[in-house]
1. Check Phe193: other-chain or 5+ apart residues with amide H under 5 Å from its amide H, H built from backbone geometry?
2. Positive end of the charge dipole of segment 270-458 (Lys, Arg +1 and Asp, Glu -1 on Cβ, about the Cα centre): tell me which of Leu294, Ala359, Ala416 has its Cα farthest that way.
3. Under 8 Å for C-alpha pairs, at least 6 residues apart: give me the relative contact order for the chain, rounded to a whole percent.
4. Summarise the accessible area of the chain (1.4 Å probe, protein heavy atoms) by the percent that is carbon and sulfur.
5. Expressed as an acute angle from 0 to 90° and rounded to the nearest 10, what is the orientation of the C-alpha long axis of helix 358-367 relative to the principal long axis of the chain?
6. Using only alpha carbon pairs under 8 Å that are at least six residues apart, calculate the relative contact order of segment 328-451 and give it in whole percent.
7. Cα centroid distance between segment 31-78 and segment 80-140, in Å?
8. So for the chain: antiparallel DSSP bridges make up what percent, rounded to the nearest 5?
Amino acid sequence: MALRILHVASEIQPLVKTGGLADALGRLPAAQLELGHQVAVLVPGYPAILDRVSPVDELMTLDSADDGPVRVLRGQLPGTAVTLLVLDAPQRFDRPGNPYVDAEGRDWQDNHRRFALLGRAAAEIARRAWPADVVHAHDWHAGLTPAYLRAAGDFCATCFTIHNLSFQGIFDAELYPDTGLPGDFYTLEGLEFHGRWSFMKSALNFSDAITTVSPTYAREILTTEHGMGLDGLLRHRATRLHGILNGVDYATWDPATDPLLASPYSIETLDRKRQNKRALQRASELDEDDDILLVGVVSRLTEQKGLDFALGALADLLIKGRLQLVLLGSGDPVLESAFNALANRHPDRCAVRLGYDEALAHRIMGGADVILVPSRFEPCGLTQLYGLRYGTLPVVRHTGGLADTVDRYTVSRASAATGFVFDTPNTTAVRRALGSALKLYADSAAWQQIMRNAMRRDFGWDKAAVAYSELYANLVASRSAA
Ligand code: ADP
């Protein structure tokens, strides 16, 4: 069944990205087009978007006493045939830098208004300018969309995807009237949340279907440990909750065609990976040594990612001269300086690059032997998927999408293994997993077998696109039956 699908999100590759959300929006709509659907994506008119997209026309304007002039411009997502709808509201979105915080790292004071406008615009577009069968909102920024659709008469199916439950968009009660939503939505069954109100909760209550980005994370968020205060509501709506694994953009992440690698390679030319390792060691000013295990990390440095407890294991193995480390990331200043100190202590074995650098991320994937992802929780995770395709074996914690995508190496399960998996989020467990990688690395034939297993795995977007199509079709069918 060909459908008209309107996605709503605050990030999209290659225009605006702070995490995996952008990667998903960059590829899922294109994969849906290939299945024959009509697809549009609504995004805020951040400067980074307006500077790079040439609109073909103005789709509509919005009444907006408080938000200044608001127009919806229609263009195309670069490199695809996907329709991009840009919410041009300079008073809300024409600001430099990060989409969510000011130069001092504080949330923009009007974030509730900015993202309420995004939801209201989506509902208006679906109602009168780009009629949709399904409106699919992503993460808290788009979380009021289903509420605006409900207020407008609930005329199409709604789907909401949790890319990360830890960011919820919670605001004080006195700001609620700024949304213009009905007062009777401000209840426990609506969007009220412990005396305040929540974009995420609103989405969970008002959507026809809720998805998250891996089957294991879909189960985990039903527990108090991972439910971030919303597990009760999620359990209540469990029959509406589905886990659909994200995909990888193999057009960008393929070692055989990656133009950023010193020496592209494939499963048939595994030996060439060594040249990428050399190039990475040289560029990072590490000892050029083929035989030492090179560990890569590409990550936000936050509590979620578990690098605080991984640090002790890495420090210990660096002191013993057992491995090298190249880390790219930014975030928590305490972690940033701890990793910097590690690099200062071991300049020939440890390189730390603080910041965001797409090209270096590719070179780490191509040059490292393993990619470490020790997350406390991980809705899907992309870097382990890149690692698999690059034969850069993932060392991951058994949680969320990491559990769904990496097959644990043990001596008896070597023929099916693709990486190293540990269970407990602590230093000892990371050290043990790295120890197991070090042991296998000494046996180059066995190591290459695991590399081949990993590189053969397919996590393309086509599977996810089919799963979403089936879900949408059920939503549309059950609405017309009702
Ligand atoms: P999350 O969305 O929680 O940050 P994911 O693994 O889902 O984690 O996605 C992270 C994405 O951001 C990946 O594409 C990863 O390569 C990229 N990334 C993270 N940190 C950096 C960085 N410092 N430089 C370049 N890319 C980065």
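1. Ser198
2. Of the candidates, Ala416 comes out farthest on the positive side.
3. Rounded, it is 12 percent for the chain.
4. Values: 9350 of 18790 Å².
The C+S portion of the solvent-accessible surface of the chain is 50 percent.
5. Roughly 40 degrees, rounded to the nearest 10.
6. On the way: 169 pairs, mean separation 21.3, N = 124.
Taking the mean separation of contacting Cα pairs over the length of segment 328-451, I get 17 percent.
7. Using only Cα atoms to place each centre, the spacing works out to 9 Å.
8. Working: 17 of 68 bridges.
Expressed as a percentage, antiparallel bridges in the chain total about 25.
The values are calculated or read from the model by the stated rules, or taken from the named source; none is laboratory data. Note that the structure is a prediction, hence the values are computed from the model and not measured. We place every Cβ from the backbone using ideal geometry, glycine too, and count neighbours over all the protein chains shown. Protein only, heavy atoms only, side chains kept; ligands, DNA and RNA dropped before computing areas. Shrake-Rupley method; radii C 1.70, N 1.55, O 1.52, S 1.80 Å.
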